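Asker: Before anything else, here's the structure in question.
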C-alpha cells in the first residue's frame, strides 16, 4: 500500500486539476511531506491525508444542488425558488459549500427538486397573458350562462369543431348564431364590470374543469370582477384564472367564497363592507442592516441553519405577533 501520493496522483484521486491541488496546499487542506534530502522529484502528500480529503470531497459533491444551481437548471431566478420553498414549507438541509470553505449552502434532495419543478412549472406555464375565455368581437365569454326560449338555462361552450354554441343534450349542439336567429336568447347576468380599485399583483385560482366547483367559481368571478379584470385560460384540463388584485364592489352571494378559497393557489380573498378584496398575502420591503451588525446576524443564521433573510423575517413575524397580542 502506498505511503504517499504524488501531486498528479492526488489530483486524479480528487478529480481536480493540479492547480487545484496547489491551491488546497496553500489553503492548508493538504500538507506536503517534508523531504530534507531532496530525494523526490515532486511534492508528495500522505496517503491518510489525501484519502481523508477525497472522502470529504465526495460527501460534499454528492450533496444535492444549491438553490442557485437548481434555479439556473430550470431557468428561473433564485429568489423565485426561495419563495417556492417557503410556500411549500420545505425543510432544506444546509451543507458545506466546498472543501476550501466553511460557508454553508442549501442542498436540495431529488424529491424536493421534483416538488419545486412541478410547483414552479405550474406557475410559469399557467398564468394567462389575457382573458382567453372572452371573445371581444362577439362580446361573449365561454361558460357564460344564457336563458334560451326564456326558461331553459344553457352555457356557452365549444364543440369539437371549436364552434361557439350550446350543447342542448348529448347529441344536439346548436351554434350561437343559430340560437340568436331561432330562439329568445338572453344572458343570465352581465359579464362586464367598471374598473375598481387596483392593488399590486394577481390572485391565482386553478380548478379542474370536471369539478363541481367549476361553474360556481366561473359565475362568481364573472359577476364580481367582470371579464375586464382577470386573465384566464384552460391549461392541462384545468381552468386557470388570474384576478387583478383590487377591491370589487359587489353584492354577489358569498356562498362561493369558501369554494374559491379551496382552489386559490396564490393571493387571498376577503369579503367585507359590500366588496370583494383580492390581495397579496405578503408585502415586500427593504431592510438596511448596519455593517457592524451583519456578522452577528450571519453567525446566528448559520447556527440556526438558515439564511440571514429568513432569520430577519422570522424575527419580524415574532415581533408582529407580540404587538398584535399586546394590542
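The values are calculated or read from the model by the stated rules, or taken from the named source; none is laboratory data. Here the structure is a predicted model, which means the values were calculated and not measured. When we count neighbours, we look across all protein chains shown, and the Cβ atoms used for this are built from the backbone with ideal geometry, even at glycine.
Asker: State whether one or more residues within region 90-99 are under 28 Å from residue 206 (Cβ atoms), surrounded by 13 or more Cβ atoms within 10 Å (Cβ to Cβ) and not assigned by TED's automatic domain parsing to the domain that holds residue 179.
Answerer: Within region 90-99, one or more residues are under 28 Å from residue 206 (Cβ atoms), surrounded by 13 or more Cβ atoms within 10 Å (Cβ to Cβ) and not assigned by TED's automatic domain parsing to the domain that holds residue 179.
One line per residue, one yes/no per condition, for (1) under 15 Å from residue 142 (Cβ atoms); (2) over 34 Å from the mean Cα position of the chain (by Cα):
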position: 166; (1), (2): yes, yes
position: 182; (1), (2): no, yes
position: 210; (1), (2): no, no
position: 214; (1), (2): yes, no
position: 230; (1), (2): yes, no
position: 239; (1), (2): yes, no
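Asker: Which of the residues that make up region 254-269 are at pLDDT 90 or above and either more than 12 Å from residue 203 (Cα to Cα) or surrounded by 14 or more Cβ atoms within 10 Å (Cβ to Cβ) (or both)?
Answerer: Matches in region 254-269: 254, 255, 256, 257, 258, 259, 260, 262, 263, 264, 268, 269.
Asker: Kindly establish whether residue 30 is touching a helix residue (DSSP H, G or I) at 6+ places or on another chain (Cβ under 6 Å), in contact (Cβ under 8 Å) with a residue 12 or more places away in the chain and assigned to a helix (DSSP H, G or I).
Answerer: In short, no.
Asker: Could you list all residues from region 1-31 that are under 13 Å from residue 49 (Cβ atoms) and surrounded by fewer than 15 Cβ atoms within 10 Å (Cβ to Cβ)?
Answerer: Across region 1-31, the qualifying residues are 2, 3, 28, 31.
Asker: Another question about this same structure. Identify all residues within region 86-98 that are part of a loop (DSSP other than H, G, I, E, B) and closer than 15 Å to residue 66 by Cα; write none if there are none.
Answerer: Matches in region 86-98: 90, 91, 92.
Asker: Can you pull out every residue in region 153-188 that is within 18 Å of residue 216 (Cα to Cα) and part of a strand (DSSP E or B)?
Answerer: 153, 154, 155, 156, 157, 187
Asker: Let me ask something else about it. Tally time: how many residues in region 292-317 are out of contact with any helix residue (DSSP H, G or I) (no Cβ under 8 Å at 6 or more places or on another chain) and farther than 16 Å from residue 86 by Cβ?
Answerer: 7
Asker: Restricting attention to region 141-194, which residues are without any contact (Cβ under 8 Å) to a residue 60 or more places away in the chain and in contact with a helix residue (DSSP H, G or I) (Cβ under 7 Å, 6 or more places away or on another chain)?
Answerer: Correct list: 148, 156, 164, 165, 166, 185, 189, 191, 192, 193.
Asker: Can you pull out every residue in region 261-303 that is closer than 18 Å to residue 217 by Cβ and out of contact with any strand residue (DSSP E or B) (no Cβ under 6 Å at 6 or more places or on another chain)?
Answerer: Those that are closer than 18 Å to residue 217 by Cβ and out of contact with any strand residue (DSSP E or B) (no Cβ under 6 Å at 6 or more places or on another chain): 261, 262, 271.
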